[in-house]
Amino acid sequence: MTAYLYQARAGDGIKMKGLKRKNSFFNTPEEAVSEALALKENMDKRYKHGIQWDYKGKMAGTVKKFKFLRGYLEGDRETPPFYLQIIKVENKQDELQAIPPNKPKKVTQKDKTVMNRVLKVLQ
């Protein structure tokens, strides 16, 4: 039987690179979404809360690679977007180890709504 782990990633639209903790895999989608929201909080802090997140935007991808939240610096949709993503990874022969997720300090009602929408898709 193949077990699956989840990984949270965030994309920085300004620096054009992805963000994640090295070797960070989680047992459940809930833990991965919590980690993604913590990454979102770090990006917000870095850009002085100038990122406008599109909470009603379309979620894209498959269950294995799922982008669920996009944001734009100062709301300018002409710039490359910031994004949050959950990736489902096969854990063959227990080669990957799960770790506890970082939790965001503040979770807004909009964040909770997005979290519930993501969990419905991933489970």
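The values are calculated or read from the model by the stated rules, or taken from the named source; none is laboratory data. Values in this document were obtained by computation on a predicted structure and should not be read as measured data. Every residue, glycine as well, gets a Cβ built from its backbone with ideal geometry; the counts of neighbours run over all protein chains shown. Accessible surface is based on the protein model in full, side chains and every heavy atom, while ligands, DNA and RNA are left aside. Shrake-Rupley method; radii C 1.70, N 1.55, O 1.52, S 1.80 Å.
Overview of results
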quantity: Calculated from backbone phi, Karplus (6.51, -1.76, 1.60) coupling profile of segment 23-31 in Hz, x at Gly/Pro; calculated: 6, 9, 10, 10, 6, 10, x, 4, 5
quantity: Neighbourhood charge, 14 Å Cβ-Cβ cut-off, centred on T79 and excluding it, Lys, Arg +1 and Asp, Glu -1; calculated: -2
quantity: Alpha-carbon spread of segment 1-46, three principal axes, descending order, Å; calculated: 41, 18, 14
quantity: ³J(HN,Hα), Karplus 6.51/-1.76/1.60, whole Hz, each residue of segment 5-16, x for Gly, Pro; calculated: 10, 10, 10, 9, 9, 9, x, 9, x, 7, 7, 6
quantity: Other-chain or far-sequence residues with amide H under 5 Å of I14's (modelled H); calculated: none
quantity: Distance violations [Cα-Cα > 22 Å] among K40/K106; K40/K92; K17/K105; K48/K106; K58/K112; K40/K67; calculated: K40/K92; K17/K105
quantity: Dipole axis of the chain (+1 Lys, Arg; -1 Asp, Glu on Cβ), positive-most option in G75, I99, Y47; calculated: G75
quantity: Karplus-derived 3J(HN,Hα), 6.51/-1.76/1.60, for each residue of segment 108-121, Hz, glycine and proline x; calculated: 7, 4, 5, 4, 5, 5, 5, 4, 5, 4, 5, 5, 5, 6
quantity: Cβ charges +1 (Lys, Arg) and -1 (Asp, Glu), total dipole of segment 3-122, debye; calculated: 160
quantity: Surface share of carbon and sulfur [accessible, 1.4 angstrom probe, percent] for the chain; calculated: 50
quantity: Answer label, with Rg/Rh (Cα atoms, Kirkwood Rh) calculated from the coordinates and candidates (1) 0.99; (2) 0.96; (3) 1.59; calculated: (2)
quantity: Spin-label proximity, E78 to segment 22-59 - amide N less than 14 Å from point 7 Å beyond Cα toward beta carbon; calculated: none
